[in-house]
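The values are calculated or read from the model by the stated rules, or taken from the named source; none is laboratory data. What you are looking at is a predicted structure, and each value in this text was computed from that prediction instead of being measured. Every residue, glycine among them, receives a Cβ derived from its backbone with ideal geometry; neighbour counts consider all protein chains shown. To get the accessible areas, we keep the full protein, side chains included, count just its heavy atoms, and leave off ligands, DNA and RNA. Shrake-Rupley method; radii C 1.70, N 1.55, O 1.52, S 1.80 Å.
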Amino acid sequence: MVTIKEIAATVGVSSATVSRVLNYDSTLSISNRKRQAIIETAEALNYATPRNRNRAIQQGLSKVALVHFLRPEQELVDPYYVALRLGIESRCAALQIETVKVYHTDAKPDAALLQSASGVIAIGRHDEDEIEWLRRHARLLVVADFVAFDEQIDSVQADLRVAMERLLQSLSGLGYRRMAYIGLFDRRAQTFVEWMTKAGWFDDRLLRSGDKTEEGGYRLARELLQEKRPPELIITFNDSMAIGVYRAAAELGLSIPTDISIASFNDNSVAQFLNPPLTTVHLPAEEIGETAVELLLERAGGRELAKQISLASRIVWRASTRSRPEEQAQ
């Protein structure tokens, strides 16, 4: 667990100063810049004050069950959901809350295990019957990375509709018109169809549904890139699929972004190391996990009004798409 001494050493102040800042001592004389540096460092290191750790204990949140919609081997190859789970686990660790992982199987989770936990966080898309079963057996329930059918259940997710709209608007500003989408048919795909149709550019031959894996990206990209009128740009469901598109382009002797441009979602660590580096929408996976824990804490503290939180995303521009005007001017 991160200590006040470590934060103080990082920022270059005394431990006493860090303690007073993190406990909101209004009598402390310190510059706004230094105060902000302490707070940002504490957040980056995932520090929890004794007050917050005590809050979890006082509110009876001692054990949280993570109910995943993926199997262990599926999560292992999906960095986004690994990051989301780590966000939950690191926040719980900082608050001294025990966690237990329950991965997807063909059977329902052990009801006794859920009932022994102070709260449950359901990760990823579960169907209505699964959520209703979890709600009946969990003391408290929060869903992470989707919105439950029951509006009385707390949820936190990234706003994929807004993310796709902003991506398409920005790409159109770079001159792209013939754009394709490959991947699962979720809010990303729905928004893609609606936005492209409204713009008058939608071609149903450039919408392909399939596996969200590297192999799925490779297969669908091969199909698209060998069309009589291939797309100028391919948007992929996630970065894993984008890697498959890179492979297909290389096999066909196509240059990125000259012959085919690529944009994606997630911003996994590998995206910046591809050749060329991948333009992608950063989705706040870890923050979604951390927020889910905070929602459980609030519920344990007596909050009755349900919350449905959407966290912001941002586009990380790299060299797999055309340069933006401000980059060309540099």
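Among the protein heavy atoms of the chain, carbon and sulfur supply 48% of the accessible surface, probe 1.4 Å, non-protein parts ignored.
What pairs in Lys101/Lys212; Lys63/Lys212; Lys63/Lys307; Lys108/Lys307; Lys63/Lys108 have C-alpha atoms more than 29 Å from each other? Beyond 29 Å: Lys63/Lys212. Taking every C-alpha pair closer than 8 Å and separated by at least 6 residues, the mean separation divided by the residue count of the chain gives a relative contact order of 17 percent. The peptide list 260-269, 85-94, put in order of mean Cβ contacts within 10 Å with the highest first, becomes 260-269, 85-94. With angles folded into 0 to 90 degrees, how steeply does helix 187-199 sit against the dominant principal axis of the chain? Use alpha carbons for both and round to 10. Result, in degrees: 50. When the helices of the chain are scored as -39500 (n - 2.57) per DSSP H run of n ≥ 4 and the total is divided over every residue, the value at 222 nm lands at -13500 deg cm²/dmol.
For the range 113-213, relative contact order (Cα pairs under 8 Å, six or more residues apart, normalised by length) works out to 19 percent. Averaging Cα coordinates gives a centre for the range 150-184 and one for the range 232-274; these two points are 17 Å apart. Computed over every Cα-Cα pair of the chain and binned at 20 Å starting from 0, the pair-distance distribution P(r) comes out as 28, 49, 22, 0 percent.
Note on the range 179-226: along the principal axes its Cα atoms extend 31, 24, 11 Å, ordered by decreasing extent. Packing-based ranking of 233-244, 207-218 yields 233-244, 207-218, ordered from highest to lowest mean Cβ neighbour count within 10 Å. Remark: the chain carries a charge dipole of roughly 820 debye about the Cα centre, counting +1 on each Lys and Arg Cβ and -1 on each Asp and Glu Cβ. Treating the angle as unsigned and between 0 and 90°, give the value, to the nearest 10°, between the Cα long axis of helix 79-94 and the longest Cα principal axis of the chain. Taking Cα atoms only, the helix is inclined about 10 degrees. Rolling a 1.4 Å probe over the heavy atoms of the protein chains gives the chain an accessible area of 49 Å² per residue. Between 0 and 90 degrees, the angle of helix 285-300 with respect to the longest Cα principal axis of the chain falls at about 40 degrees. Toward the positive end of the charge dipole of the chain, with +1 on the Cβ of Lys and Arg and -1 on the Cβ of Asp and Glu, the farthest Cα among His137, Ser29, Leu70 is that of Ser29.
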